[in-house]
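**Student:** Have a look at this one.
The values are calculated or read from the model by the stated rules, or taken from the named source; none is laboratory data. Computed from a predicted model, the values in this text were never measured in an experiment. Heads up, the Cβs are rebuilt from the backbone with ideal geometry, glycines too, and the neighbour counts pull from every protein chain shown. The accessibility values were calculated without ligands, DNA or RNA, using every heavy atom of the protein model including side chains. Shrake-Rupley method; radii C 1.70, N 1.55, O 1.52, S 1.80 Å.
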Amino acid sequence: MNKRVLMLGLAVMLVMSGFAAISGFSQDEVNYVRDSAFGVRIRGMVPFVHDEHNEKAGTEDCTICHHVYEGGERLEFETSEDMECSECHMAGGKDEMDLMRAYHLNCKGCHEERKAGPVMCGECHLE
Ligand code: HEC
Ligand code: HEC
Ligand code: HEC
Ligand code: HEC
């Protein structure tokens, strides 16, 4: 693991363990995906215990999800962890990748690829 990723990991652990008040981040631990760009939702909430999930799944590279692209290339050391996915992927957008599709491709895509993690609607969305 490279140092930058390790530092980011440590930084997040600090945030999660009580430094939230003085850090830039407003929320406590992430336990659900709740993108503010969706209006009235069709499906139920999606539980996602951020740190626990990423530890179990072995996805410590933040840029798998919080990526930044430049000229069509995913940058290795840039993260967009301070942004919601919807700041780049529009809900109902046409030119950019649609927000729902972006979530499904990211979450379900990896679960399918690794043959681990939920892939059925009702396994992710609560009723
Ligand atoms: C498997 C995908 C995934 C990985 C890997 C991941 N995250 Fe996240 N992260 C998310 C999702 C999804 C959210 C919540 C988005 C929402 O609801 O808007 C989030 C939210 C956050 C937030 C915002 C928390 C808040 O209080 O609002 C921070 C900060 C963050 N992640 C940092 C990181 C860091 C640092 C790493 C790497 C150590 C990382 N994430 C790895 C998916 C991921
Ligand atoms: C800073 C802007 C930005 C943010 C924030 C962002 N993305 Fe992206 N994302 C992009 C761009 C640009 C591409 C490349 C699109 C293309 O090639 O058409 C992309 C590609 C993707 C892809 C397809 C390629 C891949 O890596 O699998 C998925 C899936 C995706 N994003 C999901 C997400 C999710 C989920 C989040 C939030 C955790 C997120 N994105 C946050 C800009 C962003
Ligand atoms: C890069 C791969 C990857 C991505 C991206 C990913 N997951 Fe997972 N996820 C996994 C793996 C691997 C497991 C199985 C972990 C285990 O139990 O061994 C898993 C397990 C889960 C589980 C089962 C309970 C748990 O926490 O272990 C849920 C729920 C889940 N993922 C939701 C999500 C959601 C929602 C997203 C998108 C925001 C997402 N995952 C993105 C790899 C990924
Ligand atoms: C691996 C987890 C996962 C699976 C499986 C999954 N989704 Fe999602 N879905 C998500 C996440 C994460 C979001 C973003 C949730 C949010 O921000 O509230 C989402 C968003 C949505 C949205 C847009 C928000 C809303 O409720 O209107 C719809 C519609 C949706 N999913 C339908 C489905 C359907 C239908 C299936 C089965 C064919 C499915 N999903 C399977 C994770 C999943």
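**Student:** Can you compute the modelled spin-label distance between residue 74 and residue 60, with each label point 7 Å from Cα toward Cβ, in nm?
**Tutor:** Those two pseudo-labels are separated by 1.8 nm.
**Student:** Rounded to the nearest whole Å², what accessible area per residue is found for segment 30-127 with the 1.4 Å probe?
**Tutor:** 74
**Student:** Then there's this: Leaving out ligands, DNA and RNA, what percent of the accessible area of segment 27-124 is carbon and sulfur, probe 1.4 Å?
**Tutor:** Percent of accessible area from carbon and sulfur atoms in segment 27-124: 54.
**Student:** Hey, what do the phi angles of segment 116-127 turn into as Karplus ³J(HN,Hα) couplings, whole Hz, using 6.51/-1.76/1.60 and θ = phi - 60°, x for Gly and Pro?
**Tutor:** Here the 3J(HN,Hα) series is 8, x, x, 10, 8, 3, x, 7, 9, 8, 5, 5 Hz.
**Student:** Two decimals is fine: what's Rg over Rh for segment 27-124, C-alpha atoms, Kirkwood radius as Rh?
**Tutor:** With Rh from the inverse mean 1/r over Cα pairs, Rg/Rh is 0.94.
**Student:** Mind listing the long-range amide H neighbours of residue 33? Cut-off is under 5 Å, sequence gap 5 or more, other chains count too, H placed in the peptide plane at 1.01 Å from N.
**Tutor:** So residue 33 has HN proximity to 46, 48.
**Student:** From the phi of every residue in segment 57-64, what ³J(HN,Hα) in whole Hz does the Karplus formula 6.51 cos²θ - 1.76 cosθ + 1.60 yield, where θ is phi - 60° and glycine or proline is x?
**Tutor:** With coefficients 6.51, -1.76 and 1.60, one gets 7, x, 10, 6, 6, 4, 6, 4 Hz.
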